[in-house]
1. Only one of 237, 259, 298, 248 is assigned by TED's automatic domain parsing to the domain that holds residue 170 and at negative phi; which?
2. Could you check segment 159-182 and list, in sequence order, the residues that are over 25 Å from residue 97 (Cα atoms) and surrounded by fewer than 18 Cβ atoms within 10 Å (Cβ to Cβ)?
3. Among (1) farther than 21 Å from residue 145 by Cα; (2) surrounded by fewer than 18 Cβ atoms within 10 Å (Cβ to Cβ); (3) in contact (Cβ under 8 Å) with a residue 60 or more places away in the chain, which single condition is residue 38 missing?
4. Out of the residues in segment 142-158 that are crowded, with 17+ Cβ neighbours inside 10 Å and out of contact with any helix residue (DSSP H, G or I) (no Cβ under 8 Å at 6 or more places or on another chain), state the one that is nearest to residue 9 (Cα to Cα).
5. Within segment 1-93, considering only strands (runs of 3 or more DSSP E) that don't extend past its boundaries, which have at least 1 residues that are touching a helix residue (DSSP H, G or I) at 6+ places or on another chain (Cβ under 6 Å) and within 16 Å of the ligand (Cβ to nearest atom)?
6. Does residue 268 meet the test of being surrounded by 19 or more Cβ atoms within 10 Å (Cβ to Cβ) and within 22 Å of the chain's Cα centre (by Cα)?
7. Quick one: residue 238 ticks every box in (1) modelled with pLDDT of 90 or more; (2) within 30 Å of residue 328 (Cβ to Cβ); (3) surrounded by 15 or more Cβ atoms within 10 Å (Cβ to Cβ) bar one, so which box is it?
Ligand SMILES: [Zn+2]
């Protein structure tokens, strides 16, 4: 973080302003220091340029594990294709120049969307509960219009009704209560501000047929290193046999459901080696998280309305629900 980024933080408990005591600074960035709340006396460290509001042993730790192994796998700037950029603008429908705005990114991971949002020229505040923020810092920490924060969705260290926009892609399903998580983010958006999300789609067929739900009761409790090794071995074993199926119209779906391969062959124009890395990453991402709580477009629409949003739009496509809206009132049932 930089000193001037303090204005984007607030005490996660009482929402009062935080003060910053700098221990070490490097080229205008605070490397180590301490944030404190004068009202409730809580203190939070700044370690490795990142303010830390999370204690060890958080349920999102498996994501830290995966991002340390796949720091660059999904970065547009590394693979040379606008895959994340296209998904981001398809879901949000925002303009490409957002200079002067302050945008909150919820659940940034290794930063595949962070680099896209920062390229709009907006000030970007990105956080993740996992140590994925450290990987993200390696890739994006040089950007002056970015502050990375390690914080949890259930206790966010940001001022209410503050942000011009908020976005959360592929995150809410991995929280204990996606509805409550949604409302918590929604109330950080200021009046007239926008919020866009995408989340796994809930369907009975998926719950019954998708192989991931058969094995998750076991895998979500496994040691990440063991699970990751098994996942890589599984993908390697089936990669060639399933390549034939992948050529048929519904082949990717069959591979995903029956052989449990996150198959992007014929869908994303990536070289073969990268497609396999995406499969390993996505397979691990399906098996390891503590929570997998999908939702419906109907529910997402209801959440926006409950939070006082208008121009609400929620639809589903394939296995994802996308929703967006504009905050019209600062009232709402929850806070
Ligand atoms: Zn406080």
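The values are calculated or read from the model by the stated rules, or taken from the named source; none is laboratory data. Keep in mind the model is a prediction, meaning the values are calculated, not measured. No Cβ is skipped: glycine too gets one built from the backbone with ideal geometry, and neighbour counts run over all protein chains shown.
1. 298
2. Matches in segment 159-182: 176, 177, 179, 180.
3. All conditions are met except number (3).
4. 157
5. Numbers: elements: 18-26, 29-37, 43-47.
Output list reads 18-26.
6. No, not satisfied.
7. (2)
Okay, residues lined up against (1) closer than 30 Å to residue 310 by Cβ; (2) in a helix (DSSP H, G or I); (3) touching a helix residue (DSSP H, G or I) at 6+ places or on another chain (Cβ under 9 Å):
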| residue | (1), (2), (3) |
| --- | --- |
| 196 | yes, no, yes |
| 206 | no, yes, yes |
| 222 | no, no, yes |
| 236 | no, yes, yes |
| 256 | no, yes, yes |
| 263 | no, no, yes |
| 267 | no, no, yes |
